[in-house]
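Report on the structure given below.
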Amino acid sequence: MNKLITAVFVSLSVLITSVVFAQNTATLRHGLSIDQDAEPDRMPVVQNDDIKRKRSYPMQPPTIPHKIDGYRVDTNSNKCLSCHSRNLSSDSQAPMVSVTHYMDRDGNFLASVSPRRYFCSQCHVVQTNAKPHVESDFVDLDDLLKAAQSKPKE
Amino acid sequence: MFAKLKNTLLHYWGVLRRPAVHYSLGFLVMGGFIAGIIFWGGFNTAMEATNSEAFCTGCHEMETNVYAELKGTIHFTNRSGVRAICSDCHVPHEWTAKMARKMQASKEVWGKIFGTIDTREKFLDKRLELAQHEWARLKANDSLECRNCHNFDYMDFTRQSKRAAEQHSTSLASGEKTCIDCHKGIAHELPDMEGVEGWQ
């Protein structure tokens, strides 16, 4: 009997805490209950101004400073590579994809872009005017080092 | 048998080359004129009917392949609602060239009857060849069907992105390149582009 009471108590408290948490969690539903439809956010506008943004962290895949609407990347064709590939970037003056994209996972260099790096938009995204939903307190490595250096020695 | 046929033909030839006995010249001229309008109008109406989207997509080959692929593109759906139908890009607007294209299209009727591309697999196998036909046609007529709407003389480079303005004001302006050289696969999916100029 005691066991049963404990089990009921535990499951009830779990239920209550999860409901409380669910109300405080940021979701795309904006806290609306499941039977109501949230008004979706407006689609952000893609920036098409060719201005490259700073990378947030050293290994960040660079973002795309132009529109990529209708760019097909599939087994037959890769629209991105028709400007950014090794052979064609001299004609287009677009930045060539990094040499790492021509390496397979064992570090061997291939003649063409490695299959594992072929689907550009898997890592690279367009730049939009979207405001971040959540404030970021990320600190860049350089800033961390600078802060450490300028700190007086104890 | 042949003698009878010959006699019949000769009889009608005789009717045609003798002057009319019962009908006035005015009646014949006016009658001919009205009949001409009806025939010419009928011919052009029928011709226009074969230019409609409903006619093109009446075949499942078009409906399930190229038309389905068109649907997501800028020429089908966009902010201003102006759109192109099949014939805007694939049939010349000028009358003589249009007739020539319509006669070529009899090959497509043949293809339909014998099921040249009646499955997705057959269509995909043939896509490169079909695409090459269209690229060659647009290259040869300096992308006429594009230019029916996109008139170079009225392009405002300041309203284009930097890269677009750069290319349009140089290669396109000098006539060295034409629309289709860069804008391939804008309305349909592409075949395997290996070996095609400007592609990887």
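Laboratory data are not the source of any read-out in this text; all were calculated from the coordinates shown. These numbers come from a predicted model, not from an experiment. So basically every Cβ, Gly included, is an ideal-geometry build from the backbone, and we count neighbours across all protein chains shown.
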Could you size up the charge dipole of the protein assembly as shown around its Cα centre, putting +1 on the beta carbon of Lys and Arg and -1 on that of Asp and Glu, and report it in debye to the nearest 20?
760
Pairs of alpha-carbon atoms within less than 8 angstrom and 6+ residues apart define the contacts here; what relative contact order does chain A have, in percent?
20
Most fluctuating residue of B:L70, B:L138, B:L16 in a GNM of chain B with Cα springs under 10 Å: which is it?
B:L16
For B:Q167 and A:S33, what does the FRET efficiency come to when R0 = 51 Å and r is the distance between their Cβ atoms, rounded to the nearest 0.05?
0.45
Straight-distance crosslink candidates among lysines, where the alpha carbon sits under 21 Å from A:K67 and sequence neighbours closer than 8 are dropped
A:K52, A:K54, A:K79, A:K131, B:K71, B:K162, B:K184
With a ≥ b ≥ c from the Cα gyration tensor eigenvalues, square-rooted, and the rule rounded for a/c under 1.5, otherwise prolate when a/b > b/c and oblate otherwise, the range B:1-49 is oblate
A student applying the Cα gyration tensor rule (rounded when a/c is under 1.5; otherwise prolate if a/b is larger than b/c, oblate if not) would label the range A:99-154 oblate
Please grab the % of Cα pairs in the range A:30-154 that end up more than 19 Å from each other.
65
Dividing the helical contributions, -39500 (n - 2.57) per DSSP H run of n ≥ 4, by the residues of the protein assembly as shown yields a 222 nm value, nearest 500 deg cm²/dmol, of -12500 deg cm²/dmol
Summarise the partner chain shielding of A:77-84 as one whole number: the mean count of Cβ atoms from other chains within 10 Å of each residue's Cβ.
5
Output row, site A:K146, 7 Å Cα→C-beta label point, backbone N cut-off 16 Å, window the range A:55-73, residues A:55-58
Can you list which of the chymotrypsin sites (Phe, Trp or Tyr not before Pro) found in the range B:32-97 are DSSP loop residues with at most 13 other C-beta atoms within 10 Å?
none
Do any cysteines of chain B lack a neighbour Cys whose Cβ is under 4.7 Å away, and which are they?
B:C59, B:C89, B:C149, B:C182
Rounded to the nearest 20 debye, dipole of chain A from Cβ charges on Lys, Arg, Asp, Glu
340
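Test of the criteria: in the range B:45-126, which GluC sites (Glu not before Pro) are in a DSSP loop and have at most 13 other Cβ atoms within 10 angstrom of their Cβ?
For GluC sites (Glu not before Pro) across the range B:45-126 that sit outside H, G, I, E and B with at most 13 neighbouring Cβ atoms in 10 Å, the list reads B:E94.
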Would you mind getting me the FRET efficiency between B:I38 and B:K98? Use the beta-carbon distance for r and R0 = 22 Å, nearest 0.05.
0.55
In the range B:75-175, which trypsin sites (Lys or Arg not before Pro) are in a loop and have at most 11 other Cβ atoms within 10 Å, using DSSP for the loop call?
B:R79
For the charge dipole of the protein assembly as shown, defined by +1 on Lys and Arg C-beta atoms and -1 on Asp and Glu C-beta atoms about the Cα centroid, which residue among A:P65, B:A164, A:N2 has the Cα displaced farthest towards the positive pole?
B:A164
